[in-house]
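The values are calculated or read from the model by the stated rules, or taken from the named source; none is laboratory data. Only a predicted model underlies this, so the values are computations on that prediction, with no experimental measurement involved. Neighbour counts are summed over all protein chains in view; Cβ atoms, including those assigned to glycine, are modelled from backbone coordinates with ideal geometry.
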C-alpha cells in the first residue's frame, strides 16, 4: 500500500510545509484541485501551484472541477503520474480518458460516496486507477463513510488492471478499514501533527 499525502488542510506557511511534507517517506503528493462549482470550495490555480510545490515526489492530481478539459491542459505541465477526474461530470467519460492519455499520463476515475460502483464498470478496462471517495468531496478533515468498504470489496472482486485508491477520513483508526487498497490519500491526520511521526504511525499500522 502506498501513501499519497494531501496538503488540503495546511493553512499556514503552505510552501514551507509542503516542502517538509515532500521530504518525508510518502509515495505521492496529492493535489486536490477544486473550482468552486463542481464542489463548493475553490483551491489553487496552476500558477499558484507552480509557486508552492516542488518536485521531490511524484504528483497525484485529483480534479474536482466541471471544465475538466481546461484543467487537464493546465495541470499536465506538472508531469503528474496520475490525473483523476470524476465520473459525475457532464462529459463523455471515454473521451476524457483518451484526452488524458494523449499527454502520456495515467488516468484515474473517481466516484462520489453516493455513486454506485456499477456505474463505472464500462470504463474500468480503460483506466489505471479508481479513486473511491470516502467523504463528500470538497473539504478536508471529514469523517470516513463506513459504506466505502462495500465499494472497495466490489472493486476488488473485479478482474482488472486498475489500482484502487481511497480518499477521505483516513487516519490511524480508519486505516484498518482500507487495508486491501493500493493507495490511501491521507491529509489532515498527517498535516495536523508531526509529519514524520504520523506517517510512521500509519506505516506501522499497515505493515505491523
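Observations, loosely collected:
- Candidates 119, 200, 179, filtered to the one that is under 15 Å from residue 1 (Cα atoms) and surrounded by fewer than 13 Cβ atoms within 10 Å (Cβ to Cβ): 179
- Looking only at the range 72-118, residues that are over 29 Å from residue 149 (Cβ atoms) and outside any loop (DSSP other than H, G, I, E, B) come to 11 in all.
- Of the residues 184, 152, the single one that is surrounded by 17 or more Cβ atoms within 10 Å (Cβ to Cβ), touching a residue at least 12 places away in the same chain (Cβ under 8 Å), more than 18 Å from residue 63 (Cα to Cα) and touching a helix residue (DSSP H, G or I) at 6+ places or on another chain (Cβ under 8 Å) is 152.
- Residue count, the range 36-47 (criterion: more than 15 Å from residue 17 (Cβ to Cβ) and free of Cβ contacts under 8 Å to residues at least 24 places away in the same chain): 3
- Restricting attention to the range 72-88, the residues that are within 17 Å of residue 41 (Cβ to Cβ) and either surrounded by fewer than 21 Cβ atoms within 10 Å (Cβ to Cβ) or at pLDDT below 95 (or both) add up to 1.
- For the range 188-200, the tally of residues that are modelled with pLDDT of 95 or more, under 17 Å from residue 27 (Cα atoms) and either in a loop (DSSP other than H, G, I, E, B) or out of contact with any helix residue (DSSP H, G or I) (no Cβ under 8 Å at 6 or more places or on another chain) (or both) stands at 3.
- Residues (assigned to a loop (DSSP other than H, G, I, E, B), surrounded by 20 or more Cβ atoms within 10 Å (Cβ to Cβ) and at pLDDT 95 or above) located in the range 54-71: 65
- The residue list 185, 166, 181 contains one member that is part of a strand (DSSP E or B) and over 21 Å from residue 17 (Cα atoms), which is 166.
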